[in-house]
Amino acid sequence: MKRILITGGAGFIGSHLSERLLMDGNEVICLDNYFTGSKENVSHLFKHPFFELVRHDVIQPYYAEVDEIYNLACPASPIHYQYNAIKTIKTSVMGAINMLGLAKRTKAKILQASTSEVYGDPEVHPQPESYWGHVNPLGVRSCYDEGKRVAESLFMNYYWQNKVRIKIVRIFNTYGPRMHPNDGRVVSNFIIQALENKDITIYGDGSQTRSFQYVDDLVEGLIRMMNTDDSILGPVNIGNPEEFSILELAQKVIELTDSKSKLIFLPLPQDDPTQRQPDISLAKKLLNNWQPSVQLEEGLLKTINYFTEKLYK
Ligand code: NAD
Ligand code: UDP
């Protein structure tokens with residue numbers, strides 16, 4: 001049995017990862033300051049004898065004996081990471097330093113949840129890991145993008161200088177049950193608006209694209225990456241390469257919810273990337289032919305069911 005630490009474990013992705021790692025027979029310590037996560041996200045795991053929930057902020061050091069660390073702590077939606085930009089940078093940078101220090105002392109493997117945002121508004125499409133990105137270092141998204149880029153650099157340097165066993169994954173837009181209903185991300189916004197027959201808010205003309213991955217596919221990819229041998233460091237893209245415009249997503253959500261909502265067009269936020277699609281050939285090669293298995297429609301239906309239960313039952 002491995003003892004696995006998940007920072008940000010009470011968040012959207014962290015809660016699914018906690019569930020899966022417990023199911024696989026591990027002990028899980030879930031560390032969270034509840035900024036965007038909640039106890040409710042993991043309350044169904046409280047009765048599990050090998051689950052432990054700790055209120056802790058990763059900008060402070062944390063001491064425990066662990067075998068593996070998944071470093072997920074960081075607000076992920078633009079509204080939340082821009083709410084206190086300095087705190088977001090501290091979480092990414094000081095959080096990475098503290099968790100890498102813990103990995104160094106305990107000789108644990110450590111995986112960093114990096115992001116497609118390190119590619120910024122990409123000029124190369126789809127994005128392979130070899131692309132260095134096109135990030136505005138002074139823009140409103142830079143607290144998140146640059147924080148995550150520094151974290152990647154820290155991971156590499158702890159590997160080079162201290163032989164820490166690192167793994168870096170770059171996660172592309174992920175959705176599913178337990179997304180925060182008010183975090184402003186496009187999938188949760190559109191589903192809630194459609195269920196309430198309210199206007200669907202398209203930012204810009206809706207021609208910008210994203211590639212949406214269902215959370216179960218991501219969790220499988222994260223675990224496979226952690227289980228690779230020590231020579232595999234990443235970065236590895238984990239995402240669904242099927243690309244949709246935001247307008248297409250809106251139409252799909254309206255159709256699946258049988259909604260009477262109308263589309264309205266609002267200004268595009270600053271530095272909103274125009275396109276995003278992962279090149280996942282490296283993940284396929286290194287992660288035992290990993291590829292997403294949940295189609296958009298199937299994943300949206302599961303997420304719609306979740307929000308229907310949460311909002312109306
Ligand atoms: P989330 O906001 O639901 O989860 C983040 C968790 O981290 C929350 O539970 C939050 O309370 C916790 N947290 C934030 N700051 C903290 C701190 N200082 N100390 C301790 N805990 C803290 O978001 P998510 O979508 O589950 O994202 C998890 C990770 O995956 C993040 O690192 C994010 O950058 C990365 N990621 C997510 C996506 C996506 O589409 N969801 C895409 C790329 C990368
Ligand atoms: N978006 C939108 N309406 C919304 C929320 C988001 O049109 O109500 C757009 C947003 O401008 C962006 C895309 O959807 O182009 C994805 O936004 P999200 O915040 O989910 O993720 P990110 O921009 O970080 O990929």
For the chain, the per residue accessible area (1.4 Å probe, Å²) is 44
Mean Cα-pair separation over length for region 27-67, i.e. relative contact order, pairs under 8 Å, 6 or more apart, %: 53
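Rank-order 261-271, 76-86 by packing density, defined as the average count of other C-beta atoms within 10 Å over each peptide's residues, highest first. Kindly include the intermediate steps, with their values, before the conclusion.
Working: 261-271: 12.9, 76-86: 17.4.
So the peptides 261-271, 76-86, ranked by packing, come out 76-86, 261-271.
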Once every DSSP H run of n ≥ 4 in the chain is given -39500 (n - 2.57) and the sum is divided by its residues, what mean residue ellipticity at 222 nm do you get, rounded to the nearest 500 deg cm²/dmol? -12000 deg cm²/dmol
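Within the accessible area of region 118-220, what % is carbon and sulfur when the probe is 1.4 Å and the other protein chains stay in place?
Ligands and nucleic acids excluded, carbon and sulfur reach 51 percent.
Out of all DSSP beta bridges with both ends in region 165-313, state the antiparallel percent to the nearest 5.
Working: 3 of 12 bridges.
So the antiparallel bridges in region 165-313 amount to around 25 percent.
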If the label point sits 7 Å along Cα→Cβ of residue 243, residues of region 260-302 with amide N under 16 Å come out as 273-281
Cα-Cα longer than 19 Å, checked against 2/163; 252/302; 107/167; 2/285, kept in input order, equals 2/163; 2/285
For region 3-10, just list the computed ³J(HN,Hα) in residue order, Karplus coefficients 6.51, -1.76 and 1.60, θ = phi - 60°, integers in Hz, with x standing in for Gly and Pro. 9, 10, 9, 10, 7, x, x, 9
With a point put 7 Å past each Cα toward its Cβ, work out how far residue 47 is from residue 205 in nm, to one decimal. 5.5
Contact order normalised by residue count of region 1-97, Cα under 8 Å, 6+ apart, percent: 32
Taking amide hydrogens as modeled 1.01 Å from N in the peptide plane, which residues meet the under 5 Å criterion relative to residue 279, leaving out close sequence neighbours? 127
Considering amide H positions built from the backbone, and no H for Pro or chain starts, which residues 5 or more places from residue 120, or on another chain, come under 5 Å of its amide H? 134
Residue 169's amide H: which non-local residues (gap 5+, or another chain) put their own amide H closer than 5 Å, with H modeled 1.01 Å from N in plane and none for Pro or chain starts? 112, 114, 236
Computed over the chain, the relative contact order (Cα-Cα under 8 Å, seq sep at least six) in percent reads 17
The chain: D in µm²/s via Stokes-Einstein (Kirkwood Rh, Cα pairs, 25 °C, 0.890 mPa s)? 125
Reciprocal of mean inverse Cα separation for region 196-305 (Kirkwood radius, Å): 15.7
Could you state the angle between the C-alpha long axis of helix 215-226 and the longest principal axis of the C-alpha atoms of the chain, as a value from 0 to 90 degrees rounded to the nearest 10? 20
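What FRET efficiency do you get for residue 196 and residue 293 if R0 is 30 Å and r is their Cβ-Cβ distance, rounded to the nearest 0.05? Before the final figure, lay out each step's value.
Details: r = 31 Å, r/R0 = 1.02.
According to the calculation, E is roughly 0.45.
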Go through region 108-124 residue by residue and turn each phi into a ³J(HN,Hα) via Karplus (6.51, -1.76, 1.60, θ = phi - 60°); whole Hz please, and just put x for glycine and proline. 6, 6, 9, 10, 9, 7, 8, 8, 4, 4, 5, 8, x, 8, x, 9, 10
Using DSSP, restrict attention to beta bridges with both residues in the chain and report what percent are antiparallel, rounded to the nearest 5. 10
Which order, highest average first, do 43-50, 135-142 follow once you tally other Cβ atoms within 10 Å for each residue and take the mean per peptide? 135-142, 43-50
Grab the Cα-Cα distance for residue 160 and residue 256, subtract it from 0.36 nm times how many residues apart they are, and report the gain in nm with one decimal. 29.6 nm
Read phi for every residue in region 142-148 and hand back ³J(HN,Hα) as whole Hz from Karplus 6.51 cos²θ - 1.76 cosθ + 1.60, θ = phi - 60°, with x for Gly and Pro. 5, 4, 7, 4, 6, x, 5
Residues of region 67-105 with backbone N under 19 Å of the label point set 7 Å from the Cα of residue 60 along Cα→Cβ are 72-75, 87-103
Chain lengthening between residue 311 and residue 40 when straightened (0.36 nm per residue, less Cα-Cα): 96.1 nm
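The values are calculated or read from the model by the stated rules, or taken from the named source; none is laboratory data. Predicted, not measured: the structure shown is a model, and the values here were computed from it. In this analysis, Cβ positions are derived from the backbone assuming ideal geometry, glycine residues included, and neighbour counts consider all displayed protein chains. Remember, those area values only see protein heavy atoms, side chains included, never the ligands or the DNA or RNA. Shrake-Rupley method; radii C 1.70, N 1.55, O 1.52, S 1.80 Å.
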